[in-house]
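Before any comments, here is the structure.
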Amino acid sequence: MEASFNSGSMSSSSSTFLLSPTATPEAISTPGTQRSVLFDDDVAADPLDIGGSSSHFIMVVGGLGYIGSHTVLELLKEGYNVLVIDDLSNSYENVLGRVKTLAIEFCATQGKIMPALHFRQLDYRSVQMKAVLASYSSYSFSNKQTSTPYCFPYLTLQRTDSGIEMDMEDTQEPVLERRSRISGVIHFAAYKSVEESIRMPLRYYSNNVCGLVDFLGLLEEFGIKNFVFSSSATVYGEGANCGVPLREELCVHHPETFLDSNGLERRVLPGVLGLTSPYGRSKFMCESILADVALSDPTWNITALRYFNPVGCHESGILGEDPRQKPSNLIPVIATVLTGTKPVLDIFGTDWNTPDGTAVRDFIHVVDLARGHIAALAASAAGRTKAPFRTYNLGTGRGHTVREVLQSLEQASQRSIPAREVGRRAGDVGFCVAEVRRAEVELQWRAERTLDDCSGDVWNFTKARCPKSLEPDAMVC
């Protein structure tokens, strides 16, 4: 006998627990969330009754930030329903409207139905996250058969050490089964500034590491075990200065064997040398935690995507990098010089062992990076990932110097960009380029856009915010 409290089919994410016969799903509810917006005409008209639908969702925490917003858009274009969680500490709510506009336009041109887009303004560490996950769950009672020994009329006379064998009695015990409609989670909620992490390490460890631990426990409680984690090339530490593309085996969390470039089998042990910032250490710690979780429970599917240097914007010029806080990455800093917000670009270090003395980075277009998350979800669903925890580099496999990036943006904008040479910045490395074969083979993903594509899209997004100038080669646009 089974009594269902929500109609519709249920996802494979499930959890069960014993409940007294008088309890109801209402008894386990928690207070509502701070803020919610739902774009879900095709899912449920009443936002308080979303549990009645059978539709599945991908939950994106930090989904209105730079990489998160582009990923949400690509998810919608692929037909996924998306639940965005973001506290707006480094993003703006109007980004949600931009994403929706672009998704509607795409679906209209393709003759597709716009998937559901839900938003909750919430810190992913908040206790209210439990209420959010509960609202995306279906509950049903079922009877679980248990065996208990027959009891004598007087329990005080019953002895367990008497040697008397007592028959077992089958009884029915009510069990509340919970199945989540969240079929996967993509995590973008970490703080990400190397420089800030050096000044405020506790802030980074609290949010990035402690927050992740609590979040994983909550996901496990709801049976949600398909997890994509935004990691970073900073986990390679001083290995980034070796001058050759970085392969995933240079940073592992449990012993691994692999074939090197000569076809020889090699064994690597856990660990990494020379992590250069609390931010990098926090990413390494998070990967280690995820690896341990997957080792202890292989029913998890955890993918850690090691980003190199995301740049660029959506080609429409509507969606781009517009952080609420002070930008620290190269191209958004150059954009602030173009708009006149910052008078000059500081080039940190001109004495690196590189072709022109400036640091070399692997710059990947943000749309290619976003597509990498779609590929990770698809590979996990298809069983192409080789272990419950697996890391992948997301980059182009080609490096560019800071001066090359500057020249590319000057060409795209047809403007001169003032720059000055200063000393190296704490926490930086001289060379950081991805080896990308693992992602190409297992995720069936490859970056397609060039550095000039990135520069053109950045200028398309930035030019509307530039002050007018009479001279085409003025120092600001």
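Structure above, values below:
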read-out	value
Residues with amide H under 5 Å from that of Leu246, placed H, sequence gap 5 or more	Val433, Ala434, Glu435
Percent RCO, i.e. relative contact order, over the stretch 220-338, from Cα pairs under 8 Å lying at least 6 residues apart	31
Pair Asn94, Gln172: separation of 7 Å Cα→Cβ label points (nm)	6.0
R0 of 22 Å, Cβ-Cβ distance Glu315-Lys112: FRET efficiency to nearest 0.05	0.70
Low-density loop positions, trypsin sites (Lys or Arg not before Pro), the stretch 299-370 - DSSP coil, at most 12 other Cβ in 10 Å	Arg324
Within the stretch 309-334: backbone nitrogen closer than 11 Å to the Asp428 label point (7 Å, Cα to C-beta)	330
Derived scalar couplings ³J(HN,Hα) [the stretch 231-246; Karplus, 6.51 cos²θ - 1.76 cosθ + 1.60; whole Hz; x for Gly, Pro]	9, 8, 5, 5, 5, 7, x, 5, x, 5, 8, 6, x, 10, x, 8
Label-point separation, Gln128 to Ser261 (7 Å along Cα→Cβ), nm	5.2
Using θ = phi - 60° and Karplus 6.51 cos²θ - 1.76 cosθ + 1.60, couplings along the stretch 257-264 (whole Hz; Gly, Pro as x)	10, 7, 9, 7, 5, 9, x, 8
Anchor Lys100: lysines whose Cα lies under 23 Å away (excluding residues fewer than 8 positions away in-chain)	Lys77, Lys112, Lys463
For the stretch 338-437: relative contact order, % (alpha-carbon pairs under 8 angstrom, 6 or more apart)	48
By average C-beta atoms within 10 angstrom, highest first, the peptides 398-409, 368-379, 290-301, 56-67	56-67, 368-379, 398-409, 290-301
Neighbour-limited loop hits for GluC sites (Glu not before Pro), the stretch 71-148 (at most 16 other Cβ within 10 Å; DSSP other than H, G, I, E, B)	Glu78, Glu93
In order through the stretch 65-81: 3J(HN,Hα) via Karplus (6.51 cos²θ - 1.76 cosθ + 1.60), integer Hz, x for Gly, Pro	x, 4, 6, x, 5, 5, 5, 4, 4, 5, 4, 4, 5, 8, x, 7, 6
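Coordinate-derived values only; no laboratory data. Since the model is a prediction, treat every value here as computed from it, not as a measurement. For neighbour counting, all protein chains shown are included, and Cβ atoms are generated from backbone atoms with ideal geometry for every residue, glycine included.
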